[in-house]
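Scroll down for the structure; my scribbles are underneath it.
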Amino acid sequence: MRLDGRRESSNVEDRRGMSGKAVAGVGGIGAVIVAALFAWMSGGDPLSAGLQAAQEQMSARTETVDEGSFTEEEQALASDCKKILASTEDVWSKVFEEMGATYESPTLVLFSNQVNSACGSATAAVGPFYCSGDQKLYVDLSFFTEMKRQLGVEGNTFAYAYVIAHEIGHHIEYLTGTLSKAHTAMNQTNKVEANKISVRLELLADYYAGVWAHYEDAMNHSMEYGDLEKGLELAKAIGDDWLQKKAQGRATPESFTHGTSDQRKRWLKRGFDTGDMRTSTFNVQNYNDL
């Protein structure tokens, strides 16, 4: 995915270096980030924190970040994240305008080790997440560094653009009212049915990531050969069934919270192919047809 010469979003809070120092246990920081990968991929992200009471609202910080303290790789990742966020702003502003609405951009918070949000405090081990309580998405860049190493997406910007676009997808759900309705329904049912609603939310966020990529490429011709395929490979690797089989040797569908590999691939590609905002996972009456 080509991002050269693109603008960087200004809707960014760089809190790297401001967080308290987290001490990794056995296995060191690498094990923590591997845990972050699994948490994000298998439902550990605090998207569901929208179900919790708001906690520990982060007060305004006046400290500045010394960018010289970060590696060249970290700075490149930060720049790419800002450019990807800028792209989502451009795309979704146009899409919402066509729907007769106004897009309200979220804020990207870059942090290291741990962070406070309106949905509570979190560490790098939860992976990237969106908090509807403050309309911010939170990213520890070490997640992407480890993701490249663990999942073989070195040099493919679209792979982590997909991660950001997925979290932005939850913001779209928030703006359209889908997230609030889903969370209300999840609070009024049993765990198994709540998990099914969560799957619909996650697959819809995947779909919206595909919609973003559809319009991003139409507007900027930024997608390169193999980008979509790499995104689909990542979608496969974060399916509940794939992760559970790898972790415990079997899959338990009633515990799925994000969807199977095939579902995640299908909804991401469907969004990319159609760019149709009239489509929603909540319009599929039979859960087994997702």
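The values are calculated or read from the model by the stated rules, or taken from the named source; none is laboratory data. Note that the coordinates shown come from a computational prediction; the quantities given were computed from them, not determined experimentally. Neighbour counts are summed over all protein chains in view; Cβ atoms, including those assigned to glycine, are modelled from backbone coordinates with ideal geometry. For the accessible areas, the whole protein counts, side chains as well, though only heavy atoms, and no ligand, DNA or RNA atoms are used. Shrake-Rupley method; radii C 1.70, N 1.55, O 1.52, S 1.80 Å.
I'm trying to understand the selection: among the residues of the stretch 206-223, which are among the hydroxyl-bearing types (Ser, Thr, Tyr) and in a helix (DSSP H, G or I)?
Keep residues of the stretch 206-223 that are among the hydroxyl-bearing types (Ser, Thr, Tyr), which gives 207-208, 215, 222.
Those that are among the hydroxyl-bearing types (Ser, Thr, Tyr) and in a helix (DSSP H, G or I): Tyr207, Tyr208, Tyr215.
Given the structure, is Gln244 farther than 20 Å from Val284 by Cβ, open to solvent by 10 Å² or more (accessible area, probe 1.4 Å) and part of a helix (DSSP H, G or I)? For Gln244, the condition - farther than 20 Å from Val284 by Cβ, open to solvent by 10 Å² or more (accessible area, probe 1.4 Å) and part of a helix (DSSP H, G or I) - is met. Out of the stretch 247-267, which residues are surrounded by 19 or more Cβ atoms within 10 Å (Cβ to Cβ) and outside any helix (DSSP H, G or I)? Result: Phe256, Thr257, His258, Gly259, Thr260.
Scan the stretch 137-184 for residues that are out of contact with any Lys or Arg (no Cβ under 7 Å at 6 or more places or on another chain), over 20 Å from Ser93 (Cα atoms) and part of a loop (DSSP other than H, G, I, E, B) and the total you get is 3. For Glu67, state whether it is open to solvent by 20 Å² or more (accessible area, probe 1.4 Å), at pLDDT below 95 and either within 12 Å of Asp14 (Cβ to Cβ) or acidic (Asp, Glu) (or both). The answer is yes for Glu67. When restricted to residues that are open to solvent by less than 30 Å² (accessible area, probe 1.4 Å), in contact (Cβ under 8 Å) with a residue 60 or more places away in the chain and in a loop (DSSP other than H, G, I, E, B), the stretch 224-241 contains 2. Annotation note: of Ser132, Ser142, the sole residue that is open to solvent by 10 Å² or more (accessible area, probe 1.4 Å) and under 14 Å from the mean Cα position of the chain (by Cα) is Ser132.
With the requirement that a residue be of a type outside the set (A, V, I, L, M) and open to solvent by 10 Å² or more (accessible area, probe 1.4 Å), what does the stretch 98-113 give you?
Here is the first cut: in the stretch 98-113, the ones of a type outside the set (A, V, I, L, M) are 98, 100, 102-107, 111-113.
Glu98, Gly100, Thr102, Tyr103, Glu104, Ser105, Thr107, Ser112, Asn113, listed by residue number.
Filter the stretch 114-125 for residues that are outside any strand (DSSP E or B) and surrounded by fewer than 23 Cβ atoms within 10 Å (Cβ to Cβ); which is farthest from the chain's Cα centre (by Cα)? If you could, list the steps in order and put the result at the bottom.
Our first condition is that a residue be outside any strand (DSSP E or B); within the stretch 114-125, this holds for 118, 124-125.
Cutting the leftovers down to surrounded by fewer than 23 Cβ atoms within 10 Å (Cβ to Cβ) gives us 118, 125.
Working: Ala118: 17, Ala125: 14 Å.
Only one residue tops the list, namely Ala118.
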